[in-house]
Amino acid sequence: MRDYPGRPDVKIVPTLDGDETVLQMKAGMLFVCEGCCCGNGSSFPEIERAHYLRESRRRGISEHVSIVFTADDGGGCLGPCSLGNNVFLYLYGRGLWFQRMNSKEDLDALFDYLEESIDIGQPAPIEGSLARRAYTKVQGEQIPVAVT
């Protein structure tokens with residue numbers, strides 16, 4: 001992989017057939033759980049995919065962060081189900097988990113966080129209602145310290 005001249009967010013990547021392709025690097029990926037419990041409308045409120053996608057495009061986040069709905073990739077459950085609706089954000093090399101992302105207000109707080117993080121080029125401190133939703137799931141994970 002090598003840099004594309006004048007574009008730090010773009011790389012030239014060798015392909016397996018010996019060719020090269022241009023790849024725009026993303027700041028991260030947002031995984032939205034739609035497994036056994038989350039987002040199904042029975043155990044937890046239904047996931048509003050349209051809101052995720054609309055806000056991502058409207059705010060310019062889709063250029064920096066890809067959204068994956070787990071039911072689409074066959075992966076299903078992110079777990080733990082007792083904390084649903086769960087989202088996992090991989091941003092600038094850091095994993096961030098958020099629980100009970102059940103309302104448009106919750107999602108708006110997440111998108112506000114993404115905008116701020118993209119603006120500063122790293123995970124921002126987690127504040128307000130979003131700070132109460134942040135948790136760790138894997139040994140050694142650390143979440144950005146909340147600013148009060």
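When segment 21-47 is filtered for residues that are outside any loop (DSSP other than H, G, I, E, B) and surrounded by 13 or more Cβ atoms within 10 Å (Cβ to Cβ), the ones remaining, listed by number, are L23, G28, M29, L30, F31, V32, G39, E46.
May I ask you to say which residue of L30, L23, L16 is under 19 Å from W97 (Cα atoms) and either among the charged types (D, E, K, R) or modelled with pLDDT of 85 or more (or both)? Step through it out loud before you land on a result.
Working: L23 fails: under 19 Å from W97 (Cα atoms); L16 fails: under 19 Å from W97 (Cα atoms).
L30 is the lone residue from the list that is under 19 Å from W97 (Cα atoms) and either among the charged types (D, E, K, R) or modelled with pLDDT of 85 or more (or both).
Here's a check for you: in segment 66-105, which residue that is in a strand (DSSP E or B) and touching a Ser or Thr at 6+ places or on another chain (Cβ under 7 Å) is farthest from A27 (Cα to Cα)? Ranking the qualifying residues of segment 66-105, first place goes to W97.
Total residues in segment 4-13 satisfying the condition of being at pLDDT below 85 and either among the basic types (K, R) or under 14 Å from V65 (Cα atoms) (or both): the figure is 2. Scanning segment 131-148 for residues being in contact with an Asp or Glu (Cβ under 8 Å, 6 or more places away or on another chain) and modelled with pLDDT of 90 or more gives a total of 1. Within segment 38-72, being touching a residue at least 24 places away in the same chain (Cβ under 8 Å), among the hydrophobic types (A, V, I, L, M, F, W, C) and under 21 Å from D112 (Cα atoms) holds for I47, I61, V65, I67, V68, F69.
So L16 passes all but one of these: (1) surrounded by 11 or more Cβ atoms within 10 Å (Cβ to Cβ); (2) among the hydrophobic types (A, V, I, L, M, F, W, C); (3) assigned to a loop (DSSP other than H, G, I, E, B). Which condition number does it fail? Here L16 clears every test but (1).
The values are calculated or read from the model by the stated rules, or taken from the named source; none is laboratory data. Computed from a predicted structure; not experimentally measured. Glycine also receives a Cβ, built like all others from the backbone with ideal geometry; neighbour counts cover every protein chain displayed.
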